[in-house]
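Take a look at the structure below.
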Amino acid sequence: MAARTPRTRSRSGSVFPRRGSYTEARRIGTLLRRESVGGAVLVAAAVIAIIWANSPAADSYFALRDFTFGYEPWHLELSVGAWAADGLLAIFFFLVGLELKREVIAGDLRDIRTAVVPVAAAVGGVLVPAAIYAAIVWQEPGLRGGWAIPTATDIAFAVAVLALVGSHLPSPLRIFLLTLAVVDDLIAIVIIAIFYTSDLNLVALLLAVLVIAVYGFIAQRYQRFFRLKSSAAWFILLPLGLVAWGFLHASGIHATIAGVALAFTIPVRPPRGASPAEAEQSGLAEVFEHRFRPLSTGFAVPVFAFFAAGVAIGGWDGVVRAATDPVTLGVAAGLVLGKPIGIVLATRLVTAFTHARLDPSLRWVDLAGVGVLAGIGFTVSLLIAELSFGIGSPHNDDAKIAIMLASLIAALAASSILIVRNRQYRRIAEAEAVDADGDGIPDVYQTGDEPR
(Lines give C-alpha, C1' and ligand atoms only; values in the text may rest on other atoms or scores of the structure.)
Protein backbone atom coordinates (compact mmCIF):
# COMPACT_ATOMS: atom_id res chain seq x y z
CA MET A 1 0.00 0.00 0.00
CA ALA A 2 2.70 3.96 -1.30
CA ALA A 3 2.88 7.77 1.54
CA ARG A 4 4.61 10.71 -0.12
CA THR A 5 4.74 14.41 0.39
CA PRO A 6 4.46 15.99 -3.10
CA ARG A 7 7.16 18.46 -4.01
CA THR A 8 4.54 20.97 -5.08
CA ARG A 9 1.12 21.32 -3.59
CA SER A 10 -1.99 21.93 -5.63
CA ARG A 11 -4.58 24.11 -3.92
CA SER A 12 -7.54 23.17 -6.04
CA GLY A 13 -10.22 21.14 -4.29
CA SER A 14 -13.90 20.39 -4.09
CA VAL A 15 -16.13 23.29 -3.15
CA PHE A 16 -18.74 22.53 -0.51
CA PRO A 17 -21.79 24.64 0.30
CA ARG A 18 -20.66 25.60 3.80
CA ARG A 19 -17.37 27.30 4.52
CA GLY A 20 -17.01 25.39 7.79
CA SER A 21 -17.35 22.03 6.03
CA TYR A 22 -14.79 23.08 3.45
CA THR A 23 -12.30 24.20 6.09
CA GLU A 24 -12.77 21.01 8.09
CA ALA A 25 -12.38 18.84 5.00
CA ARG A 26 -9.12 20.59 4.09
CA ARG A 27 -7.85 20.25 7.66
CA ILE A 28 -8.56 16.51 7.70
CA GLY A 29 -7.06 16.09 4.22
CA THR A 30 -3.86 17.86 5.27
CA LEU A 31 -3.67 15.71 8.39
CA LEU A 32 -4.05 12.48 6.42
CA ARG A 33 -1.22 13.46 4.09
CA ARG A 34 1.27 13.33 6.95
CA GLU A 35 3.32 10.14 6.93
CA SER A 36 3.10 9.67 10.71
CA VAL A 37 -0.70 9.99 10.70
CA GLY A 38 -1.08 7.56 7.79
CA GLY A 39 1.07 4.97 9.53
CA ALA A 40 -0.82 5.44 12.81
CA VAL A 41 -4.22 4.95 11.12
CA LEU A 42 -2.94 1.81 9.41
CA VAL A 43 -1.63 0.32 12.66
CA ALA A 44 -4.79 1.26 14.56
CA ALA A 45 -6.98 -0.54 12.01
CA ALA A 46 -4.84 -3.68 12.24
CA VAL A 47 -4.81 -3.66 16.06
CA ILE A 48 -8.59 -3.28 16.23
CA ALA A 49 -8.98 -6.21 13.82
CA ILE A 50 -6.67 -8.47 15.84
CA ILE A 51 -8.45 -7.63 19.10
CA TRP A 52 -11.89 -8.17 17.60
CA ALA A 53 -10.87 -11.43 15.88
CA ASN A 54 -9.66 -12.84 19.22
CA SER A 55 -12.47 -11.52 21.39
CA PRO A 56 -15.74 -13.22 22.45
CA ALA A 57 -17.34 -11.34 19.52
CA ALA A 58 -14.95 -12.89 16.98
CA ASP A 59 -17.79 -14.58 15.08
CA SER A 60 -19.23 -11.18 14.16
CA TYR A 61 -15.88 -10.05 12.76
CA PHE A 62 -15.52 -13.07 10.51
CA ALA A 63 -19.17 -12.92 9.51
CA LEU A 64 -18.64 -9.32 8.40
CA ARG A 65 -15.40 -10.11 6.57
CA ASP A 66 -16.91 -13.13 4.78
CA PHE A 67 -20.27 -11.55 3.90
CA THR A 68 -20.64 -11.68 0.11
CA PHE A 69 -22.40 -9.33 -2.25
CA GLY A 70 -22.14 -8.28 -5.89
CA TYR A 71 -23.23 -9.38 -9.36
CA GLU A 72 -22.37 -13.03 -9.93
CA PRO A 73 -22.76 -13.07 -13.78
CA TRP A 74 -19.86 -10.61 -13.92
CA HIS A 75 -17.87 -12.69 -11.38
CA LEU A 76 -18.20 -9.85 -8.90
CA GLU A 77 -19.99 -11.61 -6.07
CA LEU A 78 -17.17 -11.16 -3.57
CA SER A 79 -16.79 -11.15 0.19
CA VAL A 80 -16.30 -7.86 2.00
CA GLY A 81 -12.67 -8.84 2.60
CA ALA A 82 -12.17 -9.58 -1.09
CA TRP A 83 -13.77 -6.27 -2.09
CA ALA A 84 -11.29 -4.53 0.23
CA ALA A 85 -8.32 -6.43 -1.22
CA ASP A 86 -9.33 -6.28 -4.88
CA GLY A 87 -11.23 -3.01 -4.95
CA LEU A 88 -10.12 -0.56 -2.28
CA LEU A 89 -6.48 -1.53 -2.57
CA ALA A 90 -6.62 -0.51 -6.23
CA ILE A 91 -6.80 3.08 -4.90
CA PHE A 92 -3.55 2.51 -3.04
CA PHE A 93 -1.92 1.08 -6.17
CA PHE A 94 -3.21 4.07 -8.16
CA LEU A 95 -1.28 6.36 -5.84
CA VAL A 96 1.76 4.08 -6.10
CA GLY A 97 1.53 4.27 -9.89
CA LEU A 98 1.34 8.07 -9.84
CA GLU A 99 4.40 8.29 -7.62
CA LEU A 100 6.30 5.76 -9.69
CA LYS A 101 5.61 7.59 -12.95
CA ARG A 102 6.58 10.93 -11.43
CA GLU A 103 9.87 9.48 -10.20
CA VAL A 104 10.66 7.97 -13.62
CA ILE A 105 9.67 11.05 -15.66
CA ALA A 106 10.77 13.90 -13.42
CA GLY A 107 12.23 12.48 -10.22
CA ASP A 108 15.14 10.52 -8.84
CA LEU A 109 14.66 7.57 -11.21
CA ARG A 110 15.01 9.76 -14.30
CA ASP A 111 18.80 9.62 -14.34
CA ILE A 112 20.16 6.08 -14.21
CA ARG A 113 23.41 7.36 -12.70
CA THR A 114 21.62 8.54 -9.56
CA ALA A 115 18.96 5.81 -9.59
CA VAL A 116 21.22 2.78 -9.91
CA VAL A 117 22.08 2.57 -6.19
CA PRO A 118 18.52 2.56 -4.76
CA VAL A 119 17.33 0.38 -7.66
CA ALA A 120 20.05 -2.18 -6.93
CA ALA A 121 19.22 -1.95 -3.22
CA ALA A 122 15.56 -2.63 -3.95
CA VAL A 123 16.41 -5.65 -6.10
CA GLY A 124 18.68 -7.01 -3.36
CA GLY A 125 15.92 -6.36 -0.84
CA VAL A 126 13.63 -8.60 -2.89
CA LEU A 127 15.97 -11.42 -3.85
CA VAL A 128 17.55 -12.13 -0.46
CA PRO A 129 14.27 -12.33 1.55
CA ALA A 130 12.78 -14.57 -1.15
CA ALA A 131 15.85 -16.82 -1.02
CA ILE A 132 15.73 -17.03 2.78
CA TYR A 133 12.04 -17.93 2.73
CA ALA A 134 12.57 -20.55 0.02
CA ALA A 135 15.48 -22.12 1.91
CA ILE A 136 13.40 -22.46 5.09
CA VAL A 137 10.29 -24.00 3.45
CA TRP A 138 12.07 -25.94 0.69
CA GLN A 139 11.28 -29.32 2.23
CA GLU A 140 7.55 -28.61 1.89
CA PRO A 141 6.72 -27.87 -1.77
CA GLY A 142 3.19 -26.72 -0.93
CA LEU A 143 4.60 -23.74 0.94
CA ARG A 144 7.01 -22.50 -1.72
CA GLY A 145 4.30 -20.35 -3.31
CA GLY A 146 4.66 -17.83 -0.48
CA TRP A 147 8.19 -16.83 -1.53
CA ALA A 148 7.10 -13.29 -2.42
CA ILE A 149 5.47 -12.48 0.95
CA PRO A 150 8.62 -11.06 2.63
CA THR A 151 9.77 -9.11 -0.44
CA ALA A 152 7.50 -6.05 -0.06
CA THR A 153 8.12 -2.88 1.96
CA ASP A 154 5.19 -0.89 3.31
CA ILE A 155 5.89 2.69 2.22
CA ALA A 156 3.37 4.39 4.52
CA PHE A 157 4.49 2.52 7.61
CA ALA A 158 8.24 2.82 6.93
CA VAL A 159 8.14 6.52 6.03
CA ALA A 160 5.95 7.19 9.08
CA VAL A 161 8.59 5.66 11.37
CA LEU A 162 11.34 7.64 9.64
CA ALA A 163 9.31 10.85 10.04
CA LEU A 164 8.88 10.20 13.77
CA VAL A 165 12.49 9.40 14.63
CA GLY A 166 14.49 11.19 11.91
CA SER A 167 14.04 14.92 12.35
CA HIS A 168 17.76 15.62 11.80
CA LEU A 169 18.73 12.73 9.54
CA PRO A 170 20.22 13.75 6.16
CA SER A 171 17.58 14.39 3.52
CA PRO A 172 19.35 12.03 1.05
CA LEU A 173 18.55 9.18 3.45
CA ARG A 174 14.83 9.85 3.16
CA ILE A 175 15.15 10.17 -0.63
CA PHE A 176 17.00 6.85 -0.68
CA LEU A 177 14.19 5.16 1.29
CA LEU A 178 11.48 6.67 -0.89
CA THR A 179 13.21 5.69 -4.14
CA LEU A 180 13.93 2.21 -2.84
CA ALA A 181 10.30 1.81 -1.75
CA VAL A 182 8.99 2.98 -5.13
CA VAL A 183 11.13 0.43 -6.99
CA ASP A 184 10.17 -2.18 -4.40
CA ASP A 185 6.51 -1.49 -5.16
CA LEU A 186 7.15 -1.79 -8.89
CA ILE A 187 8.75 -5.20 -8.37
CA ALA A 188 5.81 -6.27 -6.18
CA ILE A 189 3.38 -5.16 -8.88
CA VAL A 190 5.23 -7.22 -11.49
CA ILE A 191 5.30 -10.23 -9.16
CA ILE A 192 1.55 -10.02 -8.55
CA ALA A 193 0.79 -9.60 -12.25
CA ILE A 194 3.00 -12.50 -13.37
CA PHE A 195 2.96 -15.05 -10.57
CA TYR A 196 -0.51 -14.54 -9.11
CA THR A 197 -2.56 -14.47 -12.28
CA SER A 198 -5.16 -17.20 -12.71
CA ASP A 199 -6.51 -18.42 -16.08
CA LEU A 200 -6.19 -15.50 -18.46
CA ASN A 201 -9.29 -14.26 -20.31
CA LEU A 202 -7.87 -12.47 -23.34
CA VAL A 203 -11.17 -10.86 -24.38
CA ALA A 204 -11.65 -9.26 -20.98
CA LEU A 205 -7.98 -8.21 -20.94
CA LEU A 206 -8.27 -6.54 -24.36
CA LEU A 207 -11.42 -4.70 -23.25
CA ALA A 208 -9.60 -3.53 -20.13
CA VAL A 209 -6.71 -2.23 -22.24
CA LEU A 210 -9.16 -0.41 -24.53
CA VAL A 211 -10.93 1.30 -21.62
CA ILE A 212 -7.58 2.24 -20.04
CA ALA A 213 -6.50 3.77 -23.35
CA VAL A 214 -9.70 5.87 -23.49
CA TYR A 215 -9.15 6.89 -19.86
CA GLY A 216 -5.59 7.98 -20.67
CA PHE A 217 -6.60 9.87 -23.80
CA ILE A 218 -9.18 11.89 -21.87
CA ALA A 219 -6.76 12.59 -19.00
CA GLN A 220 -4.04 13.71 -21.40
CA ARG A 221 -6.29 15.70 -23.72
CA TYR A 222 -8.19 17.57 -21.00
CA GLN A 223 -5.49 17.93 -18.39
CA ARG A 224 -6.20 21.62 -17.83
CA PHE A 225 -9.91 20.90 -17.31
CA PHE A 226 -9.24 18.26 -14.64
CA ARG A 227 -6.85 20.61 -12.87
CA LEU A 228 -9.45 23.36 -12.62
CA LYS A 229 -12.52 21.18 -11.96
CA SER A 230 -11.69 18.90 -9.06
CA SER A 231 -15.06 17.14 -9.22
CA ALA A 232 -14.67 16.24 -12.91
CA ALA A 233 -12.44 13.25 -12.17
CA TRP A 234 -15.18 11.72 -10.01
CA PHE A 235 -17.84 12.00 -12.72
CA ILE A 236 -15.73 11.27 -15.82
CA LEU A 237 -12.58 9.34 -14.98
CA LEU A 238 -13.87 7.32 -12.02
CA PRO A 239 -16.63 5.52 -14.01
CA LEU A 240 -14.11 4.63 -16.73
CA GLY A 241 -11.69 3.44 -14.07
CA LEU A 242 -14.35 1.20 -12.52
CA VAL A 243 -15.11 -0.34 -15.91
CA ALA A 244 -11.41 -0.98 -16.52
CA TRP A 245 -11.11 -2.50 -13.04
CA GLY A 246 -14.07 -4.79 -13.73
CA PHE A 247 -12.66 -6.05 -17.02
CA LEU A 248 -9.21 -6.60 -15.53
CA HIS A 249 -10.78 -8.52 -12.64
CA ALA A 250 -12.62 -10.71 -15.14
CA SER A 251 -9.42 -11.26 -17.13
CA GLY A 252 -7.77 -13.19 -14.29
CA ILE A 253 -5.10 -10.58 -13.54
CA HIS A 254 -5.34 -9.27 -10.01
CA ALA A 255 -7.61 -6.26 -10.16
CA THR A 256 -5.33 -3.96 -8.14
CA ILE A 257 -3.07 -3.80 -11.21
CA ALA A 258 -5.80 -1.66 -12.78
CA GLY A 259 -4.89 1.12 -10.36
CA VAL A 260 -1.28 1.11 -11.56
CA ALA A 261 -2.23 0.90 -15.24
CA LEU A 262 -4.63 3.83 -14.94
CA ALA A 263 -2.06 5.90 -13.03
CA PHE A 264 0.53 5.36 -15.75
CA THR A 265 -1.74 7.21 -18.21
CA ILE A 266 -1.92 10.39 -16.10
CA PRO A 267 0.41 13.14 -17.40
CA VAL A 268 3.30 14.18 -15.18
CA ARG A 269 4.23 17.40 -16.97
CA PRO A 270 2.02 20.39 -17.85
CA PRO A 271 0.36 20.22 -21.28
CA ARG A 272 2.18 21.36 -24.41
CA GLY A 273 1.52 24.96 -25.32
CA ALA A 274 0.92 25.85 -21.69
CA SER A 275 1.33 29.47 -20.69
CA PRO A 276 4.42 30.43 -18.64
CA ALA A 277 2.26 30.49 -15.50
CA GLU A 278 0.87 27.02 -16.23
CA ALA A 279 4.33 25.68 -17.08
CA GLU A 280 5.43 26.53 -13.55
CA GLN A 281 2.63 24.41 -12.09
CA SER A 282 2.83 20.70 -11.36
CA GLY A 283 1.43 18.09 -13.72
CA LEU A 284 -1.88 16.31 -13.30
CA ALA A 285 -0.20 13.29 -11.68
CA GLU A 286 0.97 15.37 -8.74
CA VAL A 287 -2.40 17.13 -8.51
CA PHE A 288 -4.22 13.79 -8.37
CA GLU A 289 -1.76 12.45 -5.83
CA HIS A 290 -2.42 15.45 -3.60
CA ARG A 291 -6.19 15.17 -3.99
CA PHE A 292 -6.59 11.44 -3.52
CA ARG A 293 -3.90 10.71 -0.93
CA PRO A 294 -6.32 11.21 2.00
CA LEU A 295 -8.77 8.73 0.44
CA SER A 296 -6.06 6.08 0.29
CA THR A 297 -4.46 6.88 3.64
CA GLY A 298 -7.62 7.52 5.63
CA PHE A 299 -9.97 4.93 4.13
CA ALA A 300 -8.80 2.43 1.51
CA VAL A 301 -5.62 1.11 3.15
CA PRO A 302 -6.95 1.06 6.75
CA VAL A 303 -10.11 -0.79 5.66
CA PHE A 304 -8.01 -3.34 3.80
CA ALA A 305 -5.72 -3.73 6.82
CA PHE A 306 -8.75 -4.13 9.07
CA PHE A 307 -10.09 -7.07 7.08
CA ALA A 308 -6.69 -8.57 6.24
CA ALA A 309 -5.06 -8.43 9.68
CA GLY A 310 -7.85 -10.10 11.66
CA VAL A 311 -6.37 -13.49 12.58
CA ALA A 312 -7.79 -15.83 15.20
CA ILE A 313 -4.62 -16.89 16.98
CA GLY A 314 -6.36 -19.68 18.91
CA GLY A 315 -4.77 -19.23 22.30
CA TRP A 316 -1.50 -20.86 23.33
CA ASP A 317 -1.97 -23.78 20.95
CA GLY A 318 -2.30 -21.31 18.09
CA VAL A 319 0.86 -19.52 19.19
CA VAL A 320 2.78 -22.82 19.25
CA ARG A 321 1.43 -23.80 15.82
CA ALA A 322 2.37 -20.44 14.31
CA ALA A 323 5.83 -20.49 15.90
CA THR A 324 6.61 -23.90 14.43
CA ASP A 325 5.13 -23.28 10.98
CA PRO A 326 7.93 -22.91 8.39
CA VAL A 327 5.86 -20.15 6.77
CA THR A 328 6.08 -18.06 9.93
CA LEU A 329 9.81 -18.61 10.24
CA GLY A 330 10.41 -17.93 6.54
CA VAL A 331 8.39 -14.71 6.43
CA ALA A 332 9.82 -13.34 9.68
CA ALA A 333 13.41 -14.17 8.76
CA GLY A 334 12.94 -12.77 5.27
CA LEU A 335 11.66 -9.43 6.54
CA VAL A 336 13.83 -8.93 9.63
CA LEU A 337 17.09 -10.37 8.27
CA GLY A 338 16.70 -10.65 4.51
CA LYS A 339 15.70 -7.07 3.84
CA PRO A 340 18.66 -5.31 5.54
CA ILE A 341 21.14 -7.92 4.29
CA GLY A 342 19.89 -7.68 0.71
CA ILE A 343 19.75 -3.87 0.68
CA VAL A 344 23.17 -3.28 2.25
CA LEU A 345 24.87 -6.07 0.31
CA ALA A 346 23.47 -4.94 -3.05
CA THR A 347 24.43 -1.34 -2.32
CA ARG A 348 27.92 -2.40 -1.33
CA LEU A 349 28.39 -4.43 -4.50
CA VAL A 350 27.09 -1.78 -6.89
CA THR A 351 29.25 0.94 -5.34
CA ALA A 352 32.31 -1.33 -5.31
CA PHE A 353 32.11 -2.54 -8.92
CA THR A 354 30.58 0.44 -10.72
CA HIS A 355 31.05 4.19 -10.77
CA ALA A 356 27.89 4.64 -8.69
CA ARG A 357 28.41 6.25 -5.30
CA LEU A 358 26.35 6.93 -2.21
CA ASP A 359 25.58 10.52 -1.32
CA PRO A 360 28.60 11.84 0.65
CA SER A 361 26.38 12.80 3.58
CA LEU A 362 25.32 9.17 4.16
CA ARG A 363 27.12 6.59 6.28
CA TRP A 364 26.81 2.83 6.08
CA VAL A 365 25.22 2.69 9.52
CA ASP A 366 22.50 5.05 8.22
CA LEU A 367 21.96 2.72 5.30
CA ALA A 368 21.78 -0.26 7.64
CA GLY A 369 19.08 1.51 9.63
CA VAL A 370 17.05 2.12 6.48
CA GLY A 371 17.59 -1.52 5.47
CA VAL A 372 16.11 -2.70 8.76
CA LEU A 373 13.27 -0.19 8.35
CA ALA A 374 12.49 -1.67 4.92
CA GLY A 375 11.67 -4.91 6.74
CA ILE A 376 8.30 -3.39 7.58
CA GLY A 377 6.22 -5.33 5.11
CA PHE A 378 2.58 -4.73 5.85
CA THR A 379 0.02 -3.79 3.21
CA VAL A 380 1.41 -5.53 0.13
CA SER A 381 2.77 -8.45 2.18
CA LEU A 382 -0.69 -9.10 3.63
CA LEU A 383 -2.12 -9.03 0.11
CA ILE A 384 0.48 -11.47 -1.24
CA ALA A 385 -0.13 -13.79 1.73
CA GLU A 386 -3.81 -14.01 0.79
CA LEU A 387 -2.91 -14.57 -2.86
CA SER A 388 -0.41 -17.27 -1.88
CA PHE A 389 -2.51 -19.37 0.48
CA GLY A 390 -6.08 -18.06 0.34
CA ILE A 391 -8.33 -16.63 3.04
CA GLY A 392 -9.05 -19.19 5.76
CA SER A 393 -5.86 -21.20 5.27
CA PRO A 394 -3.83 -21.80 8.47
CA HIS A 395 -0.68 -20.91 6.53
CA ASN A 396 -2.26 -17.60 5.51
CA ASP A 397 -3.02 -16.83 9.15
CA ASP A 398 0.50 -17.80 10.21
CA ALA A 399 2.00 -15.66 7.44
CA LYS A 400 -0.04 -12.68 8.64
CA ILE A 401 1.09 -13.21 12.23
CA ALA A 402 4.68 -13.32 10.99
CA ILE A 403 4.21 -10.17 8.89
CA MET A 404 2.84 -8.16 11.80
CA LEU A 405 5.39 -9.48 14.31
CA ALA A 406 8.31 -8.97 11.92
CA SER A 407 7.10 -5.47 11.01
CA LEU A 408 6.98 -4.57 14.69
CA ILE A 409 10.48 -5.95 15.27
CA ALA A 410 11.80 -4.13 12.21
CA ALA A 411 10.20 -0.86 13.30
CA LEU A 412 11.66 -1.09 16.81
CA ALA A 413 15.10 -2.20 15.65
CA ALA A 414 15.30 0.49 12.98
CA SER A 415 14.11 3.14 15.43
CA SER A 416 16.83 2.18 17.91
CA ILE A 417 19.48 2.63 15.22
CA LEU A 418 18.09 5.78 13.65
CA ILE A 419 17.34 7.52 16.96
CA VAL A 420 21.02 7.23 17.91
CA ARG A 421 22.06 8.52 14.49
CA ASN A 422 19.48 11.33 14.70
CA ARG A 423 20.97 12.49 17.99
CA GLN A 424 24.42 12.61 16.45
CA TYR A 425 23.18 14.62 13.47
CA ARG A 426 21.28 16.94 15.82
CA ARG A 427 24.45 17.62 17.81
CA ILE A 428 26.26 18.39 14.56
CA ALA A 429 23.48 20.79 13.54
CA GLU A 430 23.60 22.50 16.94
CA ALA A 431 27.37 22.85 16.70
CA GLU A 432 27.06 24.41 13.27
CA ALA A 433 24.50 26.86 14.65
CA VAL A 434 27.09 28.34 17.03
CA ASP A 435 28.51 31.57 15.70
CA ALA A 436 31.97 31.89 14.21
CA ASP A 437 33.65 33.50 17.25
CA GLY A 438 33.14 30.30 19.21
CA ASP A 439 31.48 31.88 22.24
CA GLY A 440 28.85 29.13 22.31
CA ILE A 441 25.95 31.48 21.63
CA PRO A 442 23.87 30.71 18.54
CA ASP A 443 23.76 33.43 15.93
CA VAL A 444 20.03 33.91 16.34
CA TYR A 445 20.54 35.25 19.83
CA GLN A 446 23.19 37.68 18.68
CA THR A 447 20.99 39.13 15.97
CA GLY A 448 18.08 39.57 18.34
CA ASP A 449 15.87 37.08 16.49
CA GLU A 450 13.91 34.49 18.38
CA PRO A 451 15.31 30.95 18.02
CA ARG A 452 13.13 28.64 15.99
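The calculated FRET efficiency for GLU77 paired with ARG272, based on their beta-carbon distance and R0 = 41 Å, is about 0.35. Simple rule: put +1 on each Lys or Arg Cβ and -1 on each Asp or Glu Cβ in segment 215-340, find the dipole, and look at PHE225, TYR215, PHE264; the Cα lying farthest toward the positive end is PHE225. In the chain, a dipole from Cβ-located charges (positive for Lys and Arg, negative for Asp and Glu) runs towards its positive end, and of GLY298, LEU284, TRP138 it is LEU284 whose Cα lies farthest in that direction. Only the Cβ atoms of Lys and Arg (+1) and of Asp and Glu (-1) were treated as charged; on that basis the dipole of segment 118-224 about its Cα centre amounts to roughly 380 debye. Only the Cβ atoms of Lys and Arg (+1) and of Asp and Glu (-1) were treated as charged; on that basis the dipole of the chain about its Cα centre amounts to roughly 1200 debye. Working from Cα pairs under 8 Å separated by at least six residues, relative contact order for segment 99-152 is 28 percent. Computed from backbone phi with θ = phi - 60° and the Karplus coefficients 6.51, -1.76 and 1.60, the 3J(HN,Hα) list for segment 214-221 is 5, 4, x, 4, 5, 5, 6, 5 Hz; x is used for glycine and proline.
Each residue of segment 79-96 was assigned a 3J(HN,Hα) from its phi angle through the Karplus curve 6.51 cos²θ - 1.76 cosθ + 1.60 (θ = phi - 60°); the sequence is 6, 4, x, 5, 4, 5, 6, 8, x, 5, 5, 4, 5, 4, 5, 4, 5, 4 Hz, with glycine and proline shown as x.
For LYS400, the lysines whose Cα falls under 19 Å of its own Cα, not counting residues fewer than eight places away in the same chain, are LYS339. Per-residue surface analysis assigns ARG144 an accessible area of about 80 Å², computed on protein heavy atoms at 1.4 Å probe radius.
The values are calculated or read from the model by the stated rules, or taken from the named source; none is laboratory data. In this text, all values refer to a predicted model and were calculated from it rather than measured experimentally. Positions of Cβ are backbone-derived with ideal geometry, glycine not excepted, and every protein chain shown enters the neighbour counts. Accessible surface is based on the protein model in full, side chains and every heavy atom, while ligands, DNA and RNA are left aside. Shrake-Rupley method; radii C 1.70, N 1.55, O 1.52, S 1.80 Å.
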